[in-house]
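Student: I have a structure I would like to understand better, so I am pasting it below and will then ask my questions one at a time.
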2 protein chains.
Amino acid sequence: MKKIINDATAVVDEMLDGLTYAHGDLVERINESGIIVAKNQTKGHVGLISGGGSGHEPAHAGFVGQGMLSAAVCGAVFTSPTPDQILEGIKAADQGAGVFLIIKNYSGDVMNFDMAKELAEMEDIEVDFIIVDDDIAVEDSTYTAGKRGVAGTVLVHKILGAAADQGASLSEIKAMADKLVPQIKTIGVALTGATVPEVGKPGFVLADDEIEFGVGIHGEPGYRREKIAPSKELAKELVMKLKAAFDWKKGDHFALLVNGLGSTPLMEQYIFTNDVRQLLDEEGIVVEFKKVGDFMTAIDMAGLSLTLVKLEDSKWLENLTYKTNTIAW
Amino acid sequence: MKKIINDATAVVDEMLDGLTYAHGDLVERINESGIIVAKNQTKGHVGLISGGGSGHEPAHAGFVGQGMLSAAVCGAVFTSPTPDQILEGIKAADQGAGVFLIIKNYSGDVMNFDMAKELAEMEDIEVDFIIVDDDIAVEDSTYTAGKRGVAGTVLVHKILGAAADQGASLSEIKAMADKLVPQIKTIGVALTGATVPEVGKPGFVLADDEIEFGVGIHGEPGYRREKIAPSKELAKELVMKLKAAFDWKKGDHFALLVNGLGSTPLMEQYIFTNDVRQLLDEEGIVVEFKKVGDFMTAIDMAGLSLTLVKLEDSKWLENLTYKTNTIAW
């Protein structure tokens, strides 16, 4: 393992110090905790929280700020934050109108965010939540019952965050989330495993000419290994999986996110995006919004994921382009 | 080589198509050329151009847009664009007040931008330029006489771009550039080499426990190889080199850029930033502006660079925080 770190057991702590130093105009870290909170919250607005294990940077702390999250709760690498930590995040995000939790579908996160919700309710903070399960690659996985939550979660932050910034109530945000999340679907391909610093070696190893479709953002198994193929063929595999999952019709409107998994050069991300464009054009899909870059990573994994959102509500597109002031959107 | 590409000879072409598809609201590609131009330019303002070989994404096309560059000229990977290409970029950026060229100090770029300048002047476009040579690692290098131009170039785009957006004249921009560039210094450390797609293997190879200080953004040799050390020690090496180069005094004011070289996780970039913070604090340096992320990469190189700008003019800091609408700032 060759990494720019000091102590493998302190990477999250030192990273959060570096992040708040670099972006002290936007966010602050509560004491020495894993809570990164927006500097300027609006009284009377719903607070929006996400989080989970670290190692997915810029998610989630990079999306704290105006128009997205009120706070992010950062656990140890690939490890859910504790209910106490999440409760502290809820309190930091509470501006008197309730707090909404955006939870990726991992058993640890679901359990701990739920316990934190109960703890907050005992302190008279109104809390509601959504579980994001956008990864269509596999049903059930190493840490998940059902489908995993991956890069599409960032679009949930964005769309709900804009609603919260415009003063939507907790029940309005819940209703939007319930309608939105089933329309977000993601699938990825990995070229390498990810190395957790405390482990010191990749969670899985692919041969020099091998890729794996459907790998999770913690290195959970995907659905097929094969020889590396041209970008066009990788794009075709992922687009056709999404086509089957959405059962789309010519003329349907979508938003698109191409997400690098950590060590994928932008050059490759744009080449892949260009291949996706050609396939979606052939399908007659209308892409109203596009985003390309590293948003939800798996530490140093090479590979990328493709997310599509079927734009069933015109408000979602408005919210995707709504003004935002965060580190990484 | 395991990369998400189709044809190694077509990576720049396909990348630029993907980039303009993803960001068609901000930029457009002129015909099938390597010129990426801002969609909304202002008549009567100075046009600002940069560019060079591709492989440094998001530089330079990611910095085209309001408040930064008017156009970027994208050559083949690690290869200077031709004078004809650069001339086309100059014409695209010309809004009647002249065009200013920001050139990284590589012999090919310097020669070709200079020839393009002469060609443009024959067509009655007023052109001036600055050569950026911020890399303090070595004097002279594989492709360079003098010092190399690296990540600090992006801060030149930003500071001069804000001036151009505010209506500064060509001579005012030239004067600002002449004063600014000597106050920008950068030094980096590489953990791996970079693989040019057409070459198919890394330009140099480091052992699994080895790093090299002062490597260039095309893999040019640095000044020392040694065993990987903790982030704190890497930070100390780079900060002390910058201290010697600036000969700074306690209380001096600086801007800071930590730049990932392509496949360096944000986690490591923030940990390193935190270590730099501690060293600069000990030195009594006042850091007025901070930026962390991938700005000037070397394709898939692992490693990072540290840039400091001595803020000798208060206008520079204003310009660093001036409103900007680009893909990657």
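Student: Just give me the residues in the stretch A:249-305 being assigned to a helix (DSSP H, G or I) and within 8 Å of chain B (Cβ to nearest Cβ), in sequence order.
Tutor: Residues of the stretch A:249-305 assigned to a helix (DSSP H, G or I): A:266-283.
Hits for the stretch A:249-305 are A:Leu266, A:Met267, A:Glu268, A:Gln269, A:Tyr270, A:Ile271, A:Phe272, A:Thr273, A:Asn274, A:Asp275, A:Arg277.
For (1) under 29 Å from B:Pro182 (Cβ atoms); (2) out of contact with any Ser or Thr (no Cβ under 9 Å at 6 or more places or on another chain); (3) at pLDDT below 95; (4) basic (Lys, Arg), each residue gets a yes or a no:
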| position | (1), (2), (3), (4) |
| --- | --- |
| B:Leu206 | no, no, no, no |
| B:Glu212 | yes, yes, no, no |
| B:His218 | yes, no, no, no |
| B:Lys227 | no, yes, no, yes |
| B:Asp252 | yes, yes, no, no |
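Student: Applying the selection to the stretch A:197-221, what residues are within 13 Å of another protein chain (Cβ to nearest Cβ), in a loop (DSSP other than H, G, I, E, B) and either of a type in the set (D, E, K, R) or surrounded by fewer than 16 Cβ atoms within 10 Å (Cβ to Cβ) (or both)?
Tutor: A:Glu198, A:Gly200, A:Lys201, A:Val205, A:Ala207, A:Asp208, A:Asp209
Student: Just a yes or no: is a residue in the stretch B:238-248 modelled with pLDDT of 95 or more, outside any loop (DSSP other than H, G, I, E, B) and under 19 Å from A:Asp25 (Cβ atoms)? Even if it seems obvious, please write down each step before you answer.
Tutor: As a first pass, look at the stretch B:238-248 and keep what is modelled with pLDDT of 95 or more: B:238-248.
Still in the list and also outside any loop (DSSP other than H, G, I, E, B): B:238-246.
Imposing the further condition that a residue be under 19 Å from A:Asp25 (Cβ atoms) reduces the set to none.
No, the stretch B:238-248 contains no residue that is modelled with pLDDT of 95 or more, outside any loop (DSSP other than H, G, I, E, B) and under 19 Å from A:Asp25 (Cβ atoms).
Student: Among the listed residues B:Ala235, B:Ala163, B:Ala229, which satisfies the condition of being assigned to a loop (DSSP other than H, G, I, E, B) and in contact with a helix residue (DSSP H, G or I) (Cβ under 9 Å, 6 or more places away or on another chain)? Before you say what the answer is, go through the steps one by one.
Tutor: Values: B:Ala235 fails: assigned to a loop (DSSP other than H, G, I, E, B); B:Ala163 fails: assigned to a loop (DSSP other than H, G, I, E, B).
Criteria check complete, one pass: B:Ala229.
Student: Name the residues in the stretch A:1-11 that are within 11 Å of chain B (Cβ to nearest Cβ), surrounded by fewer than 23 Cβ atoms within 10 Å (Cβ to Cβ) and not in a loop (DSSP other than H, G, I, E, B), would you?
Tutor: The answer is A:Ala8, A:Ala10.
Student: Quick check on the stretch B:139-168: of everything there that is hydroxyl-bearing (Ser, Thr, Tyr) and either exposed (fewer than 15 other Cβ atoms within 10 Å of the Cβ) or under 26 Å from B:Lys290 (Cα atoms) (or both), which residue is modelled with the highest pLDDT?
Tutor: The initial filter retains those residues of the stretch B:139-168 that are hydroxyl-bearing (Ser, Thr, Tyr), namely B:141-144, B:153.
If we keep only those that are either exposed (fewer than 15 other Cβ atoms within 10 Å of the Cβ) or under 26 Å from B:Lys290 (Cα atoms) (or both) too, we end up with B:142, B:153.
Working: B:Thr142: 89, B:Thr153: 98.
Selected residue: B:Thr153.
Student: Would you check if there is a residue in the stretch A:59-79 being of a type in the set (A, V, I, L, M, F, W, C), within 14 Å of chain B (Cβ to nearest Cβ), assigned to a helix (DSSP H, G or I) and in contact with a strand residue (DSSP E or B) (Cβ under 9 Å, 6 or more places away or on another chain)?
Tutor: Yes.
Student: Further question on the same structure: Those residues that are of a type in the set (S, T, N, Q) and touching a strand residue (DSSP E or B) at 6+ places or on another chain (Cβ under 7 Å), I need them from the stretch A:279-316; list them, please. Even if it seems obvious, please write down each step before you answer.
Tutor: The initial filter retains those residues of the stretch A:279-316 that are of a type in the set (S, T, N, Q), namely A:297, A:305, A:307, A:314.
Result: A:Thr297, A:Ser305, A:Thr307.
Student: Within the stretch B:222-244, take every residue that is more than 13 Å from every other protein chain (Cβ to nearest Cβ) and surrounded by fewer than 15 Cβ atoms within 10 Å (Cβ to Cβ) and give me the one that is nearest to B:Ile271 (Cα to Cα).
Tutor: Within the stretch B:222-244, the match that is nearest to B:Ile271 (Cα to Cα) is B:Met240.
Student: Here is a list: A:Asp25, A:Asp17. Which entry is within 8 Å of chain B (Cβ to nearest Cβ) and of a type in the set (Asp, Glu)? Can you show your working first?
Tutor: Working: A:Asp25 fails: within 8 Å of chain B (Cβ to nearest Cβ).
When all the criteria are applied, what remains is A:Asp17.
Student: Residue by residue through the stretch B:306-329, note down the ones that are over 15 Å from the mean Cα position of the chain (by Cα), within 14 Å of chain A (Cβ to nearest Cβ) and buried (at least 18 other Cβ atoms within 10 Å of the Cβ). Give the derivation first.
Tutor: Our first condition is that a residue be over 15 Å from the mean Cα position of the chain (by Cα); within the stretch B:306-329, this holds for B:310-319, B:321-325.
With within 14 Å of chain A (Cβ to nearest Cβ) added as a condition, the list becomes B:317, B:321, B:323-325.
If the condition is that a residue be over 15 Å from the mean Cα position of the chain (by Cα), within 14 Å of chain A (Cβ to nearest Cβ) and buried (at least 18 other Cβ atoms within 10 Å of the Cβ), then B:Thr324 is the only one that fits.
Student: Then there's this: Test B:Ala194 against the stated conditions and say whether it is surrounded by fewer than 24 Cβ atoms within 10 Å (Cβ to Cβ) and either without any contact (Cβ under 8 Å) to a residue 40 or more places away in the chain or farther than 22 Å from B:Gln66 by Cβ (or both). First the steps, then the outcome.
Tutor: Values: surrounded by fewer than 24 Cβ atoms within 10 Å (Cβ to Cβ): no; either without any contact (Cβ under 8 Å) to a residue 40 or more places away in the chain or farther than 22 Å from B:Gln66 by Cβ (or both): yes.
Taking the combined requirement at face value, the residue does not satisfy it.
Student: Is there any pair linking a residue in the stretch B:241-264 that is more than 20 Å from B:Lys315 (Cα to Cα) to one that is in a loop (DSSP other than H, G, I, E, B) and aromatic (Phe, Trp, Tyr), with Cβ under 6 Å and at least six apart or on different chains, and which?
Tutor: B:Asn259/B:Phe295
Student: Let me ask another. Is there a residue being out of contact with any Phe, Trp or Tyr (no Cβ under 6 Å at 6 or more places or on another chain), acidic (Asp, Glu) and farther than 18 Å from A:Phe78 by Cβ anywhere in the stretch A:97-113?
Tutor: Among the residues of the stretch A:97-113, not one is out of contact with any Phe, Trp or Tyr (no Cβ under 6 Å at 6 or more places or on another chain), acidic (Asp, Glu) and farther than 18 Å from A:Phe78 by Cβ, which makes the answer no.
Student: What residue, among those in the stretch B:308-328 that are of a type outside the set (D, E, K, R) and in a strand (DSSP E or B), is farthest from B:Asn40 (Cα to Cα)? Please lay out each step first, then the result.
Tutor: Within the stretch B:308-328, the first condition is being of a type outside the set (D, E, K, R), and the residues that meet it are B:308-309, B:311, B:314, B:316-317, B:319-322, B:324-328.
Filter once more, so that each one left must be in a strand (DSSP E or B): B:308-309, B:325.
Details: B:Leu308: 31, B:Val309: 29, B:Asn325: 11 Å.
Of everything passing the filter in the stretch B:308-328, B:Leu308 is farthest from B:Asn40 (Cα to Cα).
Student: Here's a check for you: in the stretch A:46-58, which residue that is farther than 14 Å from A:Asp128 by Cα and away from every other protein chain (no Cβ under 14 Å) is surrounded by the fewest Cβ atoms within 10 Å (Cβ to Cβ)? Steps first, answer last, please.
Tutor: As a first pass, look at the stretch A:46-58 and keep what is farther than 14 Å from A:Asp128 by Cα: A:51-58.
Filter once more, keeping what is away from every other protein chain (no Cβ under 14 Å): A:51-52.
Working: A:Gly51: 31, A:Gly52: 29.
Here the answer is A:Gly52.
Student: Checking A:Thr297 against (1) closer than 25 Å to A:Met1 by Cα; (2) out of contact with any helix residue (DSSP H, G or I) (no Cβ under 8 Å at 6 or more places or on another chain); (3) of a type in the set (Ser, Thr, Tyr), only one condition comes out false. Which one?
Tutor: (2)
The values are calculated or read from the model by the stated rules, or taken from the named source; none is laboratory data. This structure is a prediction, so every number in the text was calculated from the model and none was measured. Cβ coordinates were reconstructed from backbone atoms using ideal geometry, including for glycine residues, and neighbour counts include every protein chain displayed.
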